[in-house]
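Worksheet: one structure, shown below.
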Amino acid sequence: MRTVQRLKANAYLRRMKTGRTKPAIFKCEDEQGNEVGEFVVKMRAGTEAGVTGLTCELVSSLLAEELGITTPVPAIVEINPAIGKLLGSQDSEVAQIIRKSPGLNFGSQVLTGGYGVIPIEKSIPASIRPLAADIFAFDACIQNPDRKVNNQNLLWKADEIFVIDHELAFSFLFLIGAPTVAWKLEGAPGDFLKEHVFYRELKGQAIDLDRFEGALNAISDGHLATMFDQIPKEWENDHVSRISGHLKSVRDHSAEFVNQVKWRLV
């Protein structure tokens, strides 16, 4: 299990061109004052769900790595609101969010090297189809409705795909009448998967999720405890225990869950 770095934002560089949460790129340093590069920071005042959104980002990122799905290196980034004051009129919208997001926020390392989006007007390359199936299953696991054709939340190059943007994961936290059985995808609880970026490509195909199932089943209670211990105390609320319980239930019924994912693609 990765140990998540605690960093400090020491300079605002620019805002992201996309993203409803108004993320921004900061130059960051570690706790010893060493420069560690650029990180995209999701700030608590920019997310619809506040610190719960940041928790969803962190847990999803760590879980993806445990399941063999690549994601940018996560970090917990401390922001001094004085940075927002220094911006002034340079970018008043982001400046206001920075001023309202003191303390710890979620960051992910900026990827370099020409990553882009998957061309949706063409069939996905056969070489990435197994990974596409794993990502579909991953989003079913974390109940993430936000990876759609028109909002991929993926960074792609050749045979590599990085998953990003998970503040809306664990959507059962905010749904009225949310499903009580975490691993079941029948009926309305699994309907969000019809909008998934890979649904059309995978539907009707024979997919192999044996590797994914094995990785999910191998996540021990100790792994989950280590994951959740890394959530900052100032982010904790009742939702944290609900997310943990959800993941334990899916893991404990990994075979049934994988069958549900495959059934959704029949």
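Any read-out appearing in this document is the output of simple, stated calculations on the displayed coordinates, not a laboratory observation. Predicted model, so just to flag it, every value in this text is computed and none were measured. We place every Cβ from the backbone using ideal geometry, glycine too, and count neighbours over all the protein chains shown.
Per-structure values
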{"read-out": "Spacing of the two label points (7 Å from each Cα toward its C-beta) at Gln205 and Thr70, in nm", "value": "1.9"}
{"read-out": "Net +/- balance of residues flanking Phe172 in space, Cβ distance below 12 Å, scoring K and R +1, D and E -1", "value": "+2"}
{"read-out": "In sequence order, calculated HN-Hα J values of the range 31-43 (Karplus, 6.51, -1.76, 1.60; Hz; x Gly/Pro)", "value": "5, 8, x, 7, 5, 10, x, 9, 10, 7, 10, 8, 9"}
{"read-out": "Cβ-placed point charges (K, R +1; D, E -1), dipole of the range 220-266 about Cα centre in debye, nearest 20", "value": "300"}
{"read-out": "Paramagnetic reach from Asn217 in the range 112-151 [backbone N under 18 Å; point 7 Å along Cα→Cβ]", "value": "134, 137-138, 141"}
{"read-out": "Within a Gaussian network of the chain (alpha carbon springs, distance under 10 Å), most fluctuating of Pro23, Pro81, Pro145", "value": "Pro81"}
{"read-out": "Euclidean distance between Cα centres, the range 1-75 to the range 207-266, Å", "value": "21"}
{"read-out": "Antiparallel DSSP beta bridges within the chain, percent to nearest 5", "value": "90"}
{"read-out": "Calculated on alpha-carbon atoms, Rg and Dmax of the range 43-176 in Å", "value": "16.5, 50"}
{"read-out": "Rg/Rg_globular for the range 146-206, with Rg_globular taken as 2.2 N^0.38 Å and Rg from C-alpha atoms", "value": "1.28"}
{"read-out": "Cα-Cα over 19 Å, subset of Lys203/Lys262; Lys27/Lys157; Lys17/Lys233; Lys22/Lys157; Lys42/Lys233", "value": "Lys27/Lys157; Lys17/Lys233; Lys22/Lys157"}
{"read-out": "Convex hull projection area averaged over all views, the range 171-266, Cα basis, nm²", "value": "7.1"}
{"read-out": "Phi to ³J(HN,Hα) by Karplus 6.51 cos²θ - 1.76 cosθ + 1.60 over the range 134-147, Hz, x for Gly, Pro", "value": "4, 5, 4, 5, 4, 5, 5, 5, 8, 6, 9, x, 10, 10"}
{"read-out": "Length released on extending from Lys233 to Thr3, taking residue separation times 0.36 nm less the Cα-Cα span", "value": "81.2 nm"}
